[in-house]
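The values are calculated or read from the model by the stated rules, or taken from the named source; none is laboratory data. Predicted model, so just to flag it, every value in this text is computed and none were measured. A quick note on method: Cβ atoms are made from the backbone with ideal geometry, for glycine too, and the neighbour counts reach across all protein chains shown. Ligands, DNA and RNA are stripped out before the accessible areas are found, and what is left, the full protein with its side chains, is counted by its heavy atoms. Shrake-Rupley method; radii C 1.70, N 1.55, O 1.52, S 1.80 Å.
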Amino acid sequence: MARQIRSIQDVVEGQLCTGCGACAAVEANRFEMRDTLDFCRRPFVKEEAVAENGQGLQSCPGYALAHDKDLADADIQSDLTAGWGPVLDVWEGYATDPDVRFKGSSGGAATALSVFAIEKGGLSGVLHTKANDEIAYLNETTISLTKEQLIAASGSRYSPSSPCEGLADLKSLPGPAAFVGKPCDVAALSKARKLDAEIDKKIGISIGFFCAGTPSTNGTLKLLQKSGISDPKNLQSLRFRGNGWPGLWTADYTDQEGLSNTVQMTYAESWGFLQKYRQWRCYICPDHTAEFADISVGDPWYRAVEPGEAGKSLIVARTKAGRDFILKAAAEGYITLETNEAALLPASQPNLLKTRGSLWARLIVLRILGAASPEYSGFKMVRYWWHDLSLRNKMQSFFETGKRVFRKNLHKRVKIAAWSPDERPQNDD
């Protein structure tokens, strides 16, 4: 029998939390986001907190997610809707500024669109994530007001982040802002906007980036150890991607002799290590391409990347506001748009329909075994389970989930503890 979800604590202890931070924004008198070692960032109840009023749960994308946009809009590519959400246009392009293009994880489109937002797009700032100024392997939520700040924060961060915790801070800006985040973050944003009119009027455009899941802080620390950085306090800077396409995982640190050193590994090597540390909710996510954003961006993986090739981005307009924003940015010279072809989206992410199909079976197993299960509406999972999965894949979608329920204690309430960088990472089991 499926477990009932009645509070944010139920979401967290049922391992359905995405760590987005929306509950901490809409119920700021009750929740605050804090780091954990193995469960990414999580909301904790403040001392002398007021009672939970339900708005946090209403804004939570980890517990419930529904497509309620008009997917019958004439501008939407109807053949893509079932598997990819609302899609108006798909371009391959890149940031026109060569510095932005080089430092970005692919073609720098998200950064270029953010710079346009504050320079020519009429927006007051950009709410997003950047590396922590004091602890390089952690992230922090920030509002950037200049091009220089945005470029300094460019590049993917494959580690826990909570950009929605900063939504309340947007109220201090003189006008609307842009928002940049993971698919779950922009989904949370869309829910929070319906609850809080002040937040809603402070969002000018939302930009989401493709995501395969969020690894825990413990995963990052283990990768640093594997790379020879035994004490994370010696870390000076950490890039997960960028400075080329797809870019290298790059850690700058000070060794025991006080000398500066750098260690690098390929994107495939670093992600291959980190992905086993992804939080559970990412395994049962229906949206990896930011279907709830105005604009989503990712890598055009439909072809192999040539060595030394300049970065390219896949740029998806999901709303009319998003399309207009992209076209204005291109007209002002912030981004260069090349191929406009909707088929580039499924070609660049060929496994995601199978992932959506597998999700149908995973949710069934969770409910049967008494684990917490999210409520999804508008995601066409059954058709892809039938048509895109082999018989072997179908069976695995059931049995592998059953094993994970017990291996990850999904059938139990898991107590989550806050973690400080002063604590050392635990040993693997």
* Asked: What nm value, rounded to one decimal, do you get for the distance between T254 and K120 when each label is placed 7 Å out toward the C-beta?
  -> 4.3 nm
* Exposure ranking of L337, L223 by accessible area [1.4 Å probe, largest first] -> L337, L223
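Applying 1/(1 + (r/R0)^6) with R0 = 35 Å to the Cβ-Cβ distance of D324 and K380, what FRET efficiency is obtained, to the nearest 0.05? Before the final figure, lay out the partial values.
Numbers: r = 28 Å, r/R0 = 0.80.
FRET efficiency, D324 to K380: 0.80.
Out of all DSSP beta bridges in region 60-216, what portion is antiparallel? Express it as a percent rounded to 5. Write out the running numbers ahead of the final one.
Values: 6 of 13 bridges.
Taking every DSSP beta bridge within region 60-216, about 45 percent pair in antiparallel fashion.
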* To do: Find how much the distance from A347 to S78 grows on full extension, using 0.36 nm per residue of separation minus their present alpha carbon separation; answer in nm with one decimal.
  => 95.2 nm
* Cα→Cβ-extended label distance, 7 Å offset, between N261 and V45, nm -> 4.6 nm
* Solvent-free Debye scattering, log10 I(q)/I(0), computed from the Cα coordinates of region 1-141 at q = 0.12, 0.22 Å⁻¹ -> -0.78, -1.21
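For I368 and E306 in the same chain, what is the full-extension length gain: residue separation times 0.36 nm, less their Cα-Cα distance, in nm?
Numbers: separation 62, 0.36 × 62 = 22.32 nm, distance 4.68 nm.
Working it through step by step, the gained length comes to 17.6 nm.
Determine the percent antiparallel among the DSSP beta bridges restricted to the chain, to the nearest 5.
Counting DSSP beta bridges with both partners in the chain, the antiparallel share is about 70 percent.
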* To do: Treat every Asp and Glu Cβ in the chain as -1 and every Lys and Arg Cβ as +1, leave all other atoms uncharged, and give the resulting dipole magnitude about the Cα centre to the nearest 20 debye.
  => 1560 debye
* To do: Treat each spin label as a single point 7 Å out from the Cα along the C-beta direction, and report the Q275 to R6 distance in nm.
  => 3.9 nm
* Length gained when the stretch R392-A418 is fully extended (0.36 nm per residue, less Cα-Cα span) -> 5.4 nm
* To do: Would you please state which residues of region 373-400 a label at K408 would reach in this model, taking the label point 7 Å out along Cα→Cβ and a backbone N cut-off of under 17 Å?
  => 373-376, 396-400
* Where a Cα-Cα gap under 14 Å defines reach, which aspartates and glutamates qualify for K380, not counting those fewer than 8 residues away within the same chain? -> D68, D79, D287, E291, D388
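Please list, by residue number, every one of the trypsin sites (Lys or Arg not before Pro) in region 290-329 that is coil in DSSP and has at most 16 other beta-carbon atoms within 10 Å.
For trypsin sites (Lys or Arg not before Pro) across region 290-329 that sit outside H, G, I, E and B with at most 16 neighbouring Cβ atoms in 10 Å, the list reads R303.
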* Accessible area (Å², 1.4 Å probe, nearest 10) - F39 -> 60 Å²
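Kindly identify the chain as rounded, prolate or oblate by the Cα gyration tensor criterion: order the square roots of the eigenvalues as a ≥ b ≥ c, call it rounded if a/c is under 1.5, otherwise compare a/b with b/c, prolate if a/b is larger, else oblate. Don't jump to the answer; show the numbers that get you there.
Details: a/c = 1.21, a/b = 1.06, b/c = 1.15.
Here the chain falls in the rounded category.
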